[in-house]
1. Principal axis extents for segment 116-166, Cα atoms only, whole Å, descending order, please.
2. Angle, helix 46-56 long axis vs. longest principal axis of the chain, Cα atoms, 0 to 90°, nearest 10?
3. Can you tell me the length gained on complete extension of the stretch residue 34 to residue 180, counting 0.36 nm per residue apart and subtracting the Cα distance?
4. Rounded, prolate or oblate: which fits segment 30-70, taking a ≥ b ≥ c as square roots of the Cα gyration tensor eigenvalues, rounded meaning a/c under 1.5, else prolate when a/b beats b/c?
5. Set the bar at 30 Å for Cα to Cα. Now go through 115/174; 113/176; 55/165; 77/115 and name every pair that lies beyond it.
6. About its Cα centre, what dipole magnitude does the chain give when the only charges are +1 on Lys and Arg Cβ and -1 on Asp and Glu Cβ, stated in debye to the nearest 20?
7. Return the calculated 222 nm mean residue ellipticity for the chain, to the nearest 500 deg cm²/dmol, obtained by summing -39500 (n - 2.57) across DSSP H runs with n ≥ 4 and dividing by the residue count.
8. Can you tell me the relative contact order of the chain? Whole percent, Cα pairs under 8 Å, sequence separation 6 or more.
Amino acid sequence: LDNLTTLLVLPCGSGKTPVGIGLYLEALERNIIEGRGVIVVKASLKTQWAKEVEKFSDLRPTIIQTSKDITSLIRAKIARLEGRIKRLPTSNKDLLRELESEIAALSREARSKFKEQFENADLLIMNYETLNDVKVRSELHRIKPQFFFVDEIHYAKGSETDRSKSLCEFADVKIKAGATATP
């Protein structure tokens with residue numbers, strides 16, 4: 001923790017998850033960081049990480065989704081309304097304004113739902129593909145997390161991969177830790 005950058009190479013089942021949570025807690029306790037942290041994992045481990053955060057701490061985890069994933073139902077409603085607008089006779093201006101107003105409200109709701117997931121959580125848990133999303137990275141830059149723990153860091157192979165490029169956008173994060181059982 002004192003080095004601010006670390007790599008944990010430990011065998012499966014040795015406790016990389018509780019160590020990652022412990023690093024975050026210790027950094028908060030020592031006032032090395034303040035605010036939210038980010039955990040990047042394989043997609044299949046997001047839920048497990050959230051459960052482990054709740055098990056080993058009083059922290060509030062949130063599994064982050066892309067804007068597209070979190071708003072798919074809202075976008076489907078918007079598409080149906082847009083279809084109604086296309087079939088609407090041009091003489092029906094009142095209904096057109098009403099439908100356009102409803103689309104605008106749904107669009108605002110979609111933006112709000114996406115942004116809300118970044119609030120009221122201590123640790124933001126996401127998979128590599130979610131981190132690759134431009135809107136997710138933009139929100140992360142906005143909230144300026146000071147802690148990144150990257151589980152299964154060997155998934156970010158080579159400096160030219162999308163995963164590596166997305167992670168490198170946050171090279172200025174105060175504490176960076178990676179973990180792997182696959183050196």
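1. Cα extents, longest axis first: 33, 20, 17 Å.
2. 60 degrees
3. Details: separation 146, 0.36 × 146 = 52.56 nm, distance 2.56 nm.
This chain segment gains 50.0 nm when fully extended.
4. Values: a/c = 2.26, a/b = 1.45, b/c = 1.56.
Taking the square roots of the gyration eigenvalues as a ≥ b ≥ c, segment 30-70 is oblate.
5. Correct reply: 55/165.
6. Numbers: 30 positive and 26 negative charges, 156 e Å.
Result for the chain is approximately 740 debye, rounded to the nearest 20.
7. On the way: 8 runs with 90 residues, N = 183.
So the helix-based figure for the chain works out to -15000 deg cm²/dmol.
8. Working: 243 pairs, mean separation 70.8, N = 183.
Relative contact order comes out at 39 percent.
The values are calculated or read from the model by the stated rules, or taken from the named source; none is laboratory data. Note that the structure is predicted; figures quoted are calculated from it, not measured. For neighbour counting, all protein chains shown are included, and Cβ atoms are generated from backbone atoms with ideal geometry for every residue, glycine included. Each accessible area value is taken on the protein alone, full model and side chains, heavy atoms only, with ligands, DNA and RNA left out. Shrake-Rupley method; radii C 1.70, N 1.55, O 1.52, S 1.80 Å.
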